[in-house]
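Colleague: I'd like to ask some things about the structure below.
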Amino acid sequence: MKTALKWMLWLLATIGKLTAQYDPSFEQVLRDYINEDISSLDKTRRDQIVANWPGTRTMDGIRSIVQELLKPTGDERRSRTFQLLERSEVPRDQIVPYLLEGAEANRNHPELLGRYMFLFCEFPQDNRILSFLSPLLDNKEIPNRDRAPDPREERVNESPRRVCDGAHGTIIQILEKRGEMKPGDPGYGDPGGEATILKREHNIAQLKQRLIQSGYYAPANTNPPSVSPPPQGNSPSKRTKTGYPTTGLPRDGVNDPNPQTNGSDAQPSVRNTNWFLWVFVSIVTVSLMVLLIVKRSTTRSTRK
């Protein structure tokens with residue numbers, strides 16, 4: 001009986017850990033922050049809202065912030081959520097592994113992977129992000145292949161943006177923030193603005209060489225990538241350096257790769273329902289019922 005009791009207590013503790021994933025007060029804090037920002041110019045009051053929110057110091061708060069930033073929405077909610085992320089007191093060494101875990105789980109979902117890329121730009125000093133992004137320079141998949149182009153996006157004589165193009169732009173931003181790269185350097189190109197695949201491939205090949213020489217990237221093929229001469233001609237850029245459309249910019253040059261807000265944009269790995277938790281609770285419930293039935297049967301046999 002004591003063993004069964006210990007087992008039940010362990011199950012309850014595990015369920016508690018699973019349910020403590022998001023901060024329940026995040027939505028109210030975000031609404032209060034937005035309303036205060038719109039109705040008042042008093043920065044002190046906005047600061048107080050953030051200071052009073054325990055989520056600025058917990059991973060539950062970070063999970064809530066990231067979940068909001070992964071949604072295909074923009075405008076004030078996204079820009080204010082970014083402000084909450086920037087003011088979080090959670091150490092970077094805890095946030096970055098969480099982001100990398102989510103990005104790894106969405107390698108097969110380019111749209112959501114692209115949203116993780118602009119989150120990575122907030123943590124340029126972490127080499128683990130460069131190690132994750134570098135192999136994506138070989139990913140030629142096209143996100144939003146079936147999405148109708150936004151009329152505000154420039155599509156004249158322009159090849160579709162691929163995952164590798166987004167990875168190139170993100171790496172360029174990170175290296176530029178670190179002071180390790182600047183416009184005009186080999187491989188820099190015009191991130192987000194190069195119209196042709198040929199130009200992009202040339203820039204990506206040069207960037208790969210730079211990453212290998214810097215020790216950020218160790219590809220399986222030890223031969224350095226070949227770099228063909230850059231094609232001639234320029235195309236005006238209306239995209240950010242991550243290589244995604246500028247429609248729905250959340251804030252200062254970091255964009256939402258898929259700004260549509262209608263129901264057609266499904267998020268494969270951003271779930272509102274924790275199915276793992278439901279399955280786990282169901283198993284626990286069935287197990288407890290079996291234990292009770294066995295115990296009753298044993299008690300009846302003993303009486304007889």
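Colleague: Of (1) touching a Pro at 6+ places or on another chain (Cβ under 6 Å); (2) surrounded by fewer than 21 Cβ atoms within 10 Å (Cβ to Cβ), Gly114 satisfies all except one. Which?
Modeller: Gly114 satisfies all of (1) touching a Pro at 6+ places or on another chain (Cβ under 6 Å); (2) surrounded by fewer than 21 Cβ atoms within 10 Å (Cβ to Cβ) except (2).
Colleague: Any residue in the range 157-171 that is within 22 Å of Phe120 (Cα to Cα), basic (Lys, Arg) and modelled with pLDDT under 95?
Modeller: Looking for residues that are within 22 Å of Phe120 (Cα to Cα), basic (Lys, Arg) and modelled with pLDDT under 95, one finds at least one in the range 157-171, hence yes.
Colleague: Hey, another quick one. Check every one of the helices (runs of 4 or more DSSP H) wholly within the range 60-131 and list those with 1 or more residues that are touching a Gly at 6+ places or on another chain (Cβ under 7 Å) and touching a residue at least 24 places away in the same chain (Cβ under 8 Å).
Modeller: The helices (runs of 4 or more DSSP H) meeting that bar are 110-120.
Colleague: Please determine whether any residue of the range 62-73 is more than 28 Å from Gly187 (Cα to Cα) and at pLDDT below 90.
Modeller: yes
Colleague: Tell me which residues, restricted to the range 20-59, are out of contact with any Pro (no Cβ under 8 Å at 6 or more places or on another chain), assigned to a loop (DSSP other than H, G, I, E, B), closer than 29 Å to His109 by Cβ and not small (Gly, Ala, Ser).
Modeller: Passing the criteria: Gln21, Tyr22, Pro24, Thr58.
Colleague: Then there's this: Determine whether Pro143 is touching an Asp or Glu at 6+ places or on another chain (Cβ under 9 Å), at pLDDT below 95 and assigned to a loop (DSSP other than H, G, I, E, B).
Modeller: So Pro143 fits the description; yes.
Colleague: For the range 74-102, which residues satisfy the criterion of being modelled with pLDDT of 95 or more, farther than 17 Å from Tyr22 by Cβ and in contact with a Lys or Arg (Cβ under 9 Å, 6 or more places away or on another chain)?
Modeller: Residues satisfying the conditions are Glu89, Val96, Pro97, Leu100.
Colleague: Let me ask something additional. How about the range 202-221: which of its residues are part of a helix (DSSP H, G or I) and in contact (Cβ under 8 Å) with a residue 12 or more places away in the chain?
Modeller: His202, Asn203, Ile204, Ala205, Gln206, Leu207, Lys208, Gln209, Arg210, Leu211, Ile212, Ser214
Colleague: Oh, and also: Looking at the range 29-40, can you tell me whether even one residue there is in contact (Cβ under 8 Å) with a residue 12 or more places away in the chain, over 23 Å from Asn144 (Cα atoms) and among the basic types (Lys, Arg)?
Modeller: No: the range 29-40 contains no residue that is in contact (Cβ under 8 Å) with a residue 12 or more places away in the chain, over 23 Å from Asn144 (Cα atoms) and among the basic types (Lys, Arg).
Colleague: Residue by residue through the range 174-200, note down the ones that are buried (at least 19 other Cβ atoms within 10 Å of the Cβ) and assigned to a helix (DSSP H, G or I).
Modeller: Ile174, Leu175, Lys199, Arg200
The values are calculated or read from the model by the stated rules, or taken from the named source; none is laboratory data. Since the structure is predicted, the reported quantities are computational estimates derived from the model, not experimental observations. Cβ atoms come from the backbone with ideal geometry, glycine included; neighbour counts cover every protein chain shown.
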